[in-house]
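Chemist: Could you have a look at this structure, given as structure tokens, before my questions?
Bear in mind these aren't lab numbers, they're just calculated from the coordinates by the rules spelled out. As the structure is a prediction and not an experimental result, all values here were calculated from the model. No Cβ is skipped: glycine too gets one built from the backbone with ideal geometry, and neighbour counts run over all protein chains shown.
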Amino acid sequence: MSGLSAREQELVAAIDEGRLASELKALVQIRSITGSEDEAQNACADLMGEAGLAVRRIETDPIALQSDPDWPGQEMERSTLPVVEGSLGDHAGKRILLVGHVDVVPPGDPVKWTKPIWDGLVEDGNLFGRGSVDMKGGVVSIIAAVRALNESGLTGRLEGSVAVATVPSEEDGGQGMLAAIRAGVTGDAAVITEPTRLDIAVAHAGSITFRLGIPGRAAHASMRREGVSALHKLGLLLEALDQDEASRNAAVVDRRMSSLGLPYPTIVGKVRGGDWASTVMDHLVVDGRYGVKLGQTTGEAEEDLRECLQVTWDRDEFLQNYPLDLEITGGKFASSSIPDGHSLPQTLRSVVTDSLGKESQLIGVPYGADMRLLIQHAGVPTVMFGPGDVAVAHSADEHVPLADVADCARALAVYLLRELS
């Protein structure tokens, strides 16, 4: 930490790792699956208040928001859409916004977990549990950074302000972030603490979800050749999607995305069909995810997907007799980026070097995020920088290194002091 001033060293030393672990454990124990975030937001409001922030809880209307022209969709039904904002410092100057989402995906098959899903177990320096890395670890880092700033007596030295926002509904589209923006939760620059292994994400892909209905012709199993299996037709379409995925990713030229290997993946995640074991399947419905390329709108990605499927559909003697049954459902995540040379990632990068003794890489990531909403709908330059590895998000035995959570808090605290002093 030779690059830190005495005041910055004091700030870094104020990060209490034991308190971080305790707060993260408590947040992970709250089962805030998308659509049920109220209890987690209550906890975040309490943590912000204890950290010395002025807290505002915003009860936004999820039904009314659906009429917003920029509404990003949803995959889970909900009756509430609570946003929590905390603020600290002089509101007249520059405003830095730190953002985290509190919703988590369902845990999946509990048999696949070797650690408790909701206990917040700490083992070998990692805290396990659904939502630990995606992204309650990042939320705790934010609160710890601001608390250290306040408890070190440095708030009065700030020539601007810090805003902290915790939002719902990121996992199924981002309407929580959009609601926050519409309620005035913005800033001059923003950092979202999604898991990046403490690298700095300056670009991210997007995604759309789709539902595809595939016809077949029923027949008795003993007369299989008289029928047409919808499952076999799915095989043809999956092959087309695989080829499309390969060509789209081979054409990537942006270094931030090409280095990922597969920045724009396509998957089928759900398959439903058939109603009798000895009947040829006459209808099948699949749900999947399709990548949105950097610089591409969700509508343009839909055109790519539709063209890929339509070409194969029209070539098949059976399918060509039916219209393509394709629907875009759920959340729509656009892609977004800011230039590598922008002052936000460059300043944050130098802070990481000085405070943590490591060099953060400026990276692209293959997933959608709330970053694009802040950039596109609030005009706020935004990056992602947070603890842990997204590779274990949404998986069994999800976990986050507690050292990463503490280091993220340290870097954010120094960044805030430098930007606002």
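Chemist: Can you sort TRP113, TRP276 by how many other beta carbons sit within 10 Å, fewest first?
Modeler: TRP276, TRP113
Chemist: So, one more: Mind ranking 73-85, 169-181 by how tightly packed they are, going by the mean number of other C-beta atoms within 10 angstrom, highest first? The partial results should precede the final answer.
Modeler: Working: 73-85: 19.1, 169-181: 27.1.
Result, highest mean first: 169-181, 73-85.
Chemist: What is the stretch 207-332's relative contact order, in percent, from Cα pairs under 8 angstrom and six or more apart in sequence?
Modeler: Working: 202 pairs, mean separation 51.6, N = 126.
Computed over the stretch 207-332, the figure is 41 percent.
Chemist: Can you work out the Karplus-derived ³J(HN,Hα) for every residue in the stretch 317-323? Use 6.51 cos²θ - 1.76 cosθ + 1.60 with θ = phi - 60°, whole Hz, and x for glycine or proline.
Modeler: In residue order, the calculated couplings are 4, 8, 4, 4, 7, 10, x Hz.
Chemist: Given points 7 Å out from each Cα along the Cα-Cβ axis, report the SER247 to MET223 separation in nanometres with one decimal.
Modeler: 4.0 nm
Chemist: Taking a cut-off of 18 Å, what percent of all Cα-Cα pairs in the stretch 207-332 are separated by more than that? Intermediate values should be presented prior to the final figure.
Modeler: On the way: 4352 of 7875 pairs.
Within the stretch 207-332, distances greater than 18 Å cover 55 percent of Cα pairs.
Chemist: Set the Förster radius R0 to 41 Å, insert the Cβ-Cβ distance between ARG306 and ALA183 as r into 1/(1 + (r/R0)^6), and round the FRET efficiency to 0.05. Each step should come with its number before you reach the end.
Modeler: Details: r = 35 Å, r/R0 = 0.86.
After rounding to 0.05, the efficiency reads 0.70.
Chemist: Arranged from highest to lowest average of other beta-carbon atoms within 10 Å per residue, in what order do the peptides 215-226, 410-421 appear?
Modeler: Values: 215-226: 13.1, 410-421: 23.6.
In decreasing order of mean packing, 215-226, 410-421 become 410-421, 215-226.
Chemist: Taking the chain as a Gaussian network, where each spring joins two C-alpha atoms under 10 Å apart, which residue of LEU24, LEU158, LEU284 fluctuates the most?
Modeler: LEU284
Chemist: Just how large is the dipole of the stretch 99-190 about the Cα centre, in debye to the nearest 20, putting +1 at every Lys and Arg Cβ and -1 at every Asp and Glu Cβ? Don't skip to the answer; put the middle values down first.
Modeler: Values: 7 positive and 12 negative charges, 35 e Å.
It works out to roughly 160 debye.
Chemist: Just the ratio, please: alpha-carbon radius of gyration of the chain over 2.2 N^0.38 Å, N its number of residues.
Modeler: Values: Rg = 23.2 Å, N = 421, 2.2 N^0.38 = 21.9 Å.
With N residues counted in the chain, Rg over 2.2 N^0.38 Å equals 1.06.
Chemist: Another question, if that's okay. Compute the FRET efficiency between GLU77 and GLN9 as 1/(1 + (r/R0)^6), taking r as their Cβ-Cβ distance and R0 = 35 Å, and round to the nearest 0.05.
Modeler: Numbers: r = 49 Å, r/R0 = 1.40.
In this case the efficiency is close to 0.10.
Chemist: If the elastic network links every pair of Cα atoms under 10 Å, which of ASP325, ASP389, ASP370 fluctuates the most in the Gaussian network model of the chain?
Modeler: ASP325
Chemist: Next up: Which value, in debye to the nearest 20, gives the size of the charge dipole of the stretch 207-332 about its Cα centre, when Lys and Arg are +1 and Asp and Glu are -1 at the Cβ?
Modeler: The dipole of the stretch 207-332 has a size of about 360 debye.
Chemist: So how strong a dipole does the chain carry about its Cα centre when Lys and Arg Cβ are +1 and Asp and Glu Cβ are -1, to the nearest 20 debye?
Modeler: On the way: 37 positive and 61 negative charges, 63 e Å.
Dipole about the Cα centre, nearest 20: 300 debye.
Chemist: Here is a follow-up. Which ³J(HN,Hα) values, rounded to whole Hz and listed in residue order, are derived for the stretch 225-232 from phi using the Karplus coefficients 6.51, -1.76 and 1.60 in 6.51 cos²θ - 1.76 cosθ + 1.60 with θ = phi - 60°, glycine and proline given as x?
Modeler: 5, 7, x, 10, 7, 4, 5, 5
Chemist: Taking the number of other C-beta atoms within 10 Å as the exposure measure, put ARG95, ARG197 in order starting with the fewest. Each step should come with its number before you reach the end.
Modeler: Values: ARG95 20, ARG197 16.
Least crowded to most crowded, the residues run ARG197, ARG95.
Chemist: Right, another one. Could you sort 379-387, 347-355, 96-104 so that the peptide with the highest average Cβ count within 10 Å comes first and the rest follow in order?
Modeler: On the way: 379-387: 24.7, 347-355: 19.8, 96-104: 26.9.
Order by mean packing, descending: 96-104, 379-387, 347-355.
Chemist: Another question, then. Between the alpha-carbon centers of the stretch 102-123 and the stretch 373-421, tell me the distance in whole angstrom.
Modeler: Taking the Cα centre of each part, the stretch 102-123 and the stretch 373-421 sit 21 Å apart.
Chemist: Could you tell me what % of all Cα pairs in the stretch 22-71 have separations over 15 Å? Intermediate values should be presented prior to the final figure.
Modeler: Numbers: 712 of 1225 pairs.
The proportion of pairs with Cα distances above 15 Å equals 58 percent.
Chemist: May I ask which of LYS115/LYS136; LYS233/LYS293; LYS94/LYS358; LYS25/LYS115 have a Cα-Cα span longer than 19 Å here?
Modeler: Details: LYS115/LYS136 17 Å; LYS233/LYS293 27 Å; LYS94/LYS358 27 Å; LYS25/LYS115 14 Å.
Result: LYS233/LYS293; LYS94/LYS358 exceed 19 Å.
Chemist: Non-local amide H neighbours of LEU127 (under 5 Å, H modeled in plane, Pro and chain starts lacking H): which ones?
Modeler: VAL400, LEU402
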